[in-house]
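To start, the structure under review is shown below, and the notes come after it.
Every read-out reported here was derived from the displayed coordinates using simple, explicitly stated rules and does not represent laboratory data. Computed from a predicted structure; not experimentally measured. Backbone-built Cβ (ideal geometry, glycine too); neighbour counts: all protein chains shown.
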Amino acid sequence: MSGLVYITGASSGIGQALALQYYRAGWRLALVARRSTELQAWAQAQNLGPDRFAVYAADVCDIAAITGAGQACIAAQGLPDVVIANAGISVGIDSAVLGDIEVMRRVYATNNIGLAATFQPFITPMQQRRSGALVGIASVAGIRGLPGHAAYCSSKAAVISYCESLRGECRPHEVKVVTIAPGYIDTPLTRENRYSMPFLMQAEDFAARAFQAINDGASFRVIPWQMGVVARLLRLLPNAWFDRLLAGRPRKHRQGE
Ligand SMILES: NC(=O)c1ccc[n+]([C@@H]2O[C@H](COP(=O)([O-])OP(=O)(O)OC[C@H]3O[C@@H](n4cnc5c(N)ncnc54)[C@H](OP(=O)(O)O)[C@@H]3O)[C@@H](O)[C@H]2O)c1
């Protein structure tokens, strides 16, 4: 199967790897990021055929801009077969610090409102066409709350619930909603982490597995699978054990750290 894929956060890491994966499988690309000049330069450096991709500059926190990018894509390239809401940020917070509430607002604006606004322009047309897949990039961090990571963990827990709600809304119209929860993937988002990252995976390997999960129409997939086992165990772990396990673990760096 090939078609048109729309990917946010395509200027780096997972989004970039997904773009290449889809391109090599014969798909046309609609690529979205704030750093559109860098994204355009990267696409040229990869020798992507000019008729096989288009770049849209948008900040997912700006609802008018990101829904406008979706509409521009439909007008210029047609209605995508797959939409991947991948753009996201990960910043630690100290819940006792007033200024970090603003950081939390930015995390939710990007990871949650941005994801919903990414999907919005495509939902009704896909439902009318009775085909397509909306893909939310969540995280294993959305399974349980990690100390120092309250904004990100809660945002990704919300991505999981949001996509589950959307799945029920889209199912009668034959539109798939796929939630993908990455474990640790080697990208700029994880490179500064101060803690061990079990089963760390290269972005290209992740993209190949995510491509398969989306083709399969999986409702929820953890990648790599080993982190799926960890996620299942974490879900079962009693709170007291979970708290003890995490005591003293280094925290995600806060903004400016
Ligand atoms: N790496 C991991 O281990 C891991 C694990 C679990 C989940 N994830 C999730 O996977 C997704 C991609 O992460 P990554 O590791 O590839 O991170 P990354 O390398 O830092 O890339 C993040 C991408 O999101 C875009 N982005 C950020 N804020 C944006 C905004 N306001 N508007 C538009 N685009 C924005 C960035 O583009 P511009 O700056 O050009 O706009 C960039 O292309 C995120 O949702 C992340 O939470 C990653």
If one takes the longest principal axis of the Cα atoms in the chain, at what angle in degrees, from 0 to 90 and to the nearest 10, does the Cα axis of helix 150-170 lie?
-> 40 degrees
Between residue 3 and residues 5 or more places away or on another chain, the pairs with built amide H atoms under 5 Å apart involve 27, 28
By count of other Cβ within 10 Å, fewest leading, how are 149, 253 ordered?
-> 253, 149
What net charge do the residues around residue 91 carry, taking every other residue with its C-beta under 10 Å from that of residue 91, with Lys and Arg at +1 and Asp and Glu at -1?
-> +1
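Around residue 232, what is the net charge, scoring Lys/Arg as +1 and Asp/Glu as -1 over all other residues with Cβ under 15 Å from its Cβ? Before the final figure, lay out the partial values.
On the way: positive: 144, 221, 235; negative: none.
Once positives and negatives cancel, what remains is +3.
Would you please give the FRET efficiency between residue 196 and residue 75, computed as 1/(1 + (r/R0)^6) with r the Cβ-Cβ distance and R0 = 41 Å, to the nearest 0.05? Write out the running numbers ahead of the final one.
Values: r = 47 Å, r/R0 = 1.14.
After rounding, the FRET efficiency stands at 0.30.
For the chain, what does -39500 (n - 2.57) per DSSP helix run (n ≥ 4), summed and divided by total residues, give at 222 nm, in deg cm²/dmol to the nearest 500?
Details: 9 runs with 118 residues, N = 257.
Helices in the chain give a 222 nm mean residue ellipticity of -14500 deg cm²/dmol.
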Residue-span extension gain [residue 234 to residue 34] - 0.36 nm each, minus C-alpha spacing | 68.5 nm
Determine, for 246, 236, 115, the number of other Cβ atoms within 10 Å of each Cβ, and report the residues in order from fewest to most.
-> 236, 246, 115
In degrees rounded to 10, the 0-90 angle between helix 63-77 Cα long axis and the longest Cα principal axis of the chain is 40 degrees
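Please find the FRET efficiency linking residue 219 to residue 173, where r is the Cβ-Cβ separation and R0 is fixed at 22 Å, and quote it to the nearest 0.05.
Values: r = 15 Å, r/R0 = 0.70.
Efficiency, from the Cβ-Cβ distance: 0.90.
Please arrange 191, 171 by counting, for each residue, the other beta carbons lying within 10 Å of its beta carbon, fewest first. Write out the running numbers ahead of the final one.
Working: 191 8, 171 12.
Arranged by neighbour count, lowest to highest, 191, 171 become 191, 171.
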For helix 114-129, report the angle its Cα long axis makes with the longest principal axis of the Cα atoms of the chain; keep it between 0 and 90° and round to the nearest 10°.
-> 40 degrees
Any idea what % of Cα-Cα pairs in the chain are farther than 28 Å?
-> 31 percent
Using θ = phi - 60° and the Karplus curve 6.51 cos²θ - 1.76 cosθ + 1.60, what whole-Hz ³J(HN,Hα) does each residue of region 211-223 get, with Gly and Pro shown as x?
-> 4, 5, 4, 5, 4, 6, x, 4, 7, 8, 9, 9, 10
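Give me the extension gain from residue 62 to residue 120: residue separation times 0.36 nm, minus the current Cα-Cα distance, reported in nm with one decimal. Walk me through the numbers before you get to the answer.
Values: separation 58, 0.36 × 58 = 20.88 nm, distance 1.32 nm.
Stretched fully, the residue 62-residue 120 segment lengthens by 19.6 nm.
Can you give me the relative contact order of the chain as a percent, contacts being Cα pairs under 8 Å and 6 or more apart?
Numbers: 468 pairs, mean separation 50.4, N = 257.
Averaging sequence separation for qualifying contacts and normalising by length gives 20 percent for the chain.
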Note: residue 94 to residue 25 extended length (0.36 nm per residue) minus current alpha-carbon separation gives 20.5 nm
